[in-house]
1. Restricting to the range 192-227, what's the tally of residues that are within 30 Å of N245 (Cβ to Cβ) and either crowded, with 19+ Cβ neighbours inside 10 Å or among the hydrophobic types (A, V, I, L, M, F, W, C) (or both)?
2. Within the range 40-53, count every residue that is in contact with a strand residue (DSSP E or B) (Cβ under 9 Å, 6 or more places away or on another chain), surrounded by fewer than 17 Cβ atoms within 10 Å (Cβ to Cβ) and in contact (Cβ under 8 Å) with a residue 24 or more places away in the chain.
3. Just to be sure I understand the filter: pairs with C-beta atoms under 7 Å, separated by 6 or more residues or on different chains, first member in the range 330-351 and of a type in the set (A, V, I, L, M, F, W, C), second member open to solvent by 100 Å² or more (accessible area, probe 1.4 Å) and part of a helix (DSSP H, G or I). Which pairs pass?
4. Being more than 18 Å from S395 (Cβ to Cβ), touching a residue at least 12 places away in the same chain (Cβ under 8 Å) and aromatic (F, W, Y) is the filter here; which residues of the range 242-285 pass it?
5. Could you please let me know if V524 is part of a strand (DSSP E or B), surrounded by 20 or more Cβ atoms within 10 Å (Cβ to Cβ) and over 20 Å from the mean Cα position of the chain (by Cα)?
6. Out of (1) within 22 Å of the chain's Cα centre (by Cα); (2) assigned to a loop (DSSP other than H, G, I, E, B); (3) charged (D, E, K, R), what's the single condition that is false for K281?
7. Take the range 465-491 and flag every residue that is part of a loop (DSSP other than H, G, I, E, B) and crowded, with 22+ Cβ neighbours inside 10 Å.
Amino acid sequence: MELSEKIKNNLQTYLSAITHTGTELERNNEVFFKKWFNSLPYLKENPEYFGFHDIDNDCLQRKIPWALLKGNGSKTIIMLHHTDTVDIDDFGKHKEFAYKPCELEKLFRDGKVELDDAAKNDLDSGEWLFGRGVSDMKGGGCIHLSLFEEYTKSESFNGNILLIGVPDEENLSAGMRSAANLLKKLREKYDLQYSLLLNVEPHDRIDENNVTIYDGSVGKIMPIFLVRGKLAHVGQIYKGLNPINLLSAIVRKTELNPAFIEKAGNTITPPPAWLYFKDRKEIYDVSLPLLTGGYMSILSLTKSPKEILDELKTISEEAFKEVISDIESSYAIYSSMTDMNQVKIDWKPNVKYYGEIFNEIVAEKGESFKLEIAEFQRQLEEKINNNEISRIDGSYQLMEKTLEYYSDLSPIVVIALAPPYYPSTNNSMLANAAEINNLIFKLDEYARKEIGNGIYTQNYFTGISDLSYGMFTADKENIDYISHNMLFWGDMYYIPLDIIKEQSMPVLNVGPWGKDLHKYTERVYKKDLYENIPKLIDFIVKSFL
């Protein structure tokens, strides 16, 4: 059977295994992979070379399917894709066609669904395959699966291929975070040397004549703020401190702040954006709120978590000083117009990391606090897993509960980290970057000759990807910053950064051209899916091994 036909057949079967992210449907990846494993003579003859790895502490009991082609030597390429897709709510009354590309195309051609001009032009060209998951990313996954099938027929394969499919990429990347432990186990058991992590996310083509590949992935950090003010009746506002005022000042000094824009290679990150801002009042009254919370998203290329958090702390301290100065100026005018006794305003800037406050409470109250807050966290985790509260609301409840133990009752800004955290990765961070750069140079030569397209290398995949967990080069101080300040760190959310650091490897993303991911017009370029990208990946595998 031709490779293109293998890809088509595998994709048709894979699409029928519905794996909506963050739901029990993700376990359908087991159904698909059990059938696929059993279809390969090589794996039937070597049952020790495939299996399912349980994701640690996963409330949905999801598993990571893996298969190993054990060839000659220890050099190993990891073929990675994610098994989950987003849901199909955007298909509306046509959900039944979401995973049936042929029927969906007919629906579109019959004019029963509104399409924008770009989607209609691609439909009319006949060069694009439509459907949920065809691009993001079961199509790319089937390229890996089909090539793996071919490689297992070799009587003497140079090197090793480890194929893994990870759940939860569209949510918190629980699959890839847990895969670090699987990779360590297999590395030690079979004496594998991980030389390249090859992902197959769809690419966004800047120039139609060039295939875009990525040799890194953007980092993402989500600082979360809880501001405690001072209660007061609105008629006596100068006796209190409004946390909304203080957090607003921090937002204004950080939202779109160009100091956080980074450029590395040919990639530029956008400035920070705040995604949530709300007081913590549950009912209306005429008092100032006591607590206000908000969280933001910062994309990074080269800055470490410590650098980013330290910048935010400095800015927050500046904002605190400015708010105090504004209050004093306002009160000076107000007091000049009244005969009432003056209020002494003596607020002092007070900004601390969550980890700092936690350690101060432990020093004062000892093990009893650690036991009580651990039990409270366990209860919150149970509510989050049962969808009784959101992860963000749980984060604020945990921060608020911690503050209840804190002896200092003055106004304060608390900065923590909320899941998820994605480290930035790029091959330039590793000592053997030259080897990968040479491989990319050869790949470009091959692509121009064989498929009539050049290769454009984007230095960072900016859509957030599991490549973030392919390497970690920051020092122990940064690991400690993350573990001490990340809410729910431990059973519910954990990244084995020490293991990832230990087995850091070069990364590449070589996937098909895709458009409109997560939309009902999601589609993949057929020639890439069936011909071009399989050729490029095959070239990488054979050249590198």
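The values are calculated or read from the model by the stated rules, or taken from the named source; none is laboratory data. Values in this document were obtained by computation on a predicted structure and should not be read as measured data. Neighbour counts run over all protein chains shown; Cβ positions are idealised from the backbone, glycine included. The protein model used for the area step is the full one, side chains on, heavy atoms only, and it has no ligands, DNA or RNA in it. Shrake-Rupley method; radii C 1.70, N 1.55, O 1.52, S 1.80 Å.
1. Restricting attention to the range 192-227, the residues satisfying the condition of being within 30 Å of N245 (Cβ to Cβ) are 220-227.
From the residues that got through so far, the ones that are either crowded, with 19+ Cβ neighbours inside 10 Å or among the hydrophobic types (A, V, I, L, M, F, W, C) (or both) too are 221-227.
Residues in the range 192-227 being within 30 Å of N245 (Cβ to Cβ) and either crowded, with 19+ Cβ neighbours inside 10 Å or among the hydrophobic types (A, V, I, L, M, F, W, C) (or both): 7 in total.
2. Of the residues in that region, 1 qualify.
3. V343/K239
4. Scanning the range 242-285 gives a single hit, F260.
5. Criteria met by V524.
6. The one condition K281 does not meet is (1).
7. Step one: of the range 465-491, the residues part of a loop (DSSP other than H, G, I, E, B) are 465, 470-475, 487-488, 490-491.
Correct list: S465, G470, M471, F472, L487.
Each row is one residue, and each column tells you yes or no for (1) touching a strand residue (DSSP E or B) at 6+ places or on another chain (Cβ under 8 Å); (2) exposed (fewer than 13 other Cβ atoms within 10 Å of the Cβ); (3) under 24 Å from L197 (Cβ atoms); (4) at pLDDT below 95.
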| site | (1), (2), (3), (4) |
| --- | --- |
| L15 | no, no, no, no |
| E24 | no, yes, no, no |
| N38 | no, yes, no, no |
| K63 | yes, no, yes, no |
| K75 | yes, no, yes, no |
| H82 | yes, no, yes, no |
| F108 | yes, no, no, no |
